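Let me begin by presenting the structure, written as structure tokens, before commenting on it.
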Amino acid sequence: MPVNPELVGRDFPPTTPYLVGREKVREFARAVFADDPQHTDPSAAQALGYADVVAPPTFAIVVTDATLQQLLGEPDSGIVLKNVLHAEQRFRYSRPIVAGDELTARLSVTGIRAMGAAAMVTSESEITDAAGGHVVTTTSVLLVGEGDE
């Protein structure tokens, strides 16, 4: 197994806060074909009770990416990017992400499972707002194969 088994239980430092911008939400919504007006029109989002446009559910990956970069950059991880396949992604929300949110994420490696010469690495990123309130937990599963360095 190419992955360091001692990664399990490792917690990474919080990411730099990410300010969710209205245009970023609109761009992401267009990219994923989320055409509900709440994603692009502040008035439509406000009519639903939100302060600004609401990000599509998968927008959380934008914030999660910073945590996955920490994991991939860990010198003793045994993970080589060219041997990684993003196998699974899940989201567990407390509330939607809205333009104007300032979000911070913190990653923990929750499991490693050997699969022949490869390994499945599972991590969770807790994403909180500026007040420390839970927004979403993302679960990422990476399939890490063996390969030439």
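The values are calculated or read from the model by the stated rules, or taken from the named source; none is laboratory data. Source: prediction; values computed, not measured. When we count neighbours, we look across all protein chains shown, and the Cβ atoms used for this are built from the backbone with ideal geometry, even at glycine. Protein only, heavy atoms only, side chains kept; ligands, DNA and RNA dropped before computing areas. Shrake-Rupley method; radii C 1.70, N 1.55, O 1.52, S 1.80 Å.
What the table shows:
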| read-out | value |
| --- | --- |
| Helix 22-31 vs. the chain, principal-axis angle (Cα, 0 to 90°, nearest 10) | 70 degrees |
| Average Cα contact separation per residue, the chain, under 8 Å, 6 or more apart, as relative contact order % | 31 percent |
| As computed over the chain, the Cα convex hull volume per residue (Å³) | 110 Å³ |
| Rounded tilt (10° steps) of 60-72 against the dominant C-alpha axis of the chain | 20 degrees |
| Among A55, V8, Q38 the positive-end extreme of the charge dipole of the chain (Cβ point charges) | Q38 |
| Probe 1.4 Å, accessible area per residue of region 41-100, Å² | 51 Å² |
| Solvent-accessible area, 1.4 Å probe, carbon plus sulfur percent, for region 33-123 | 55 percent |
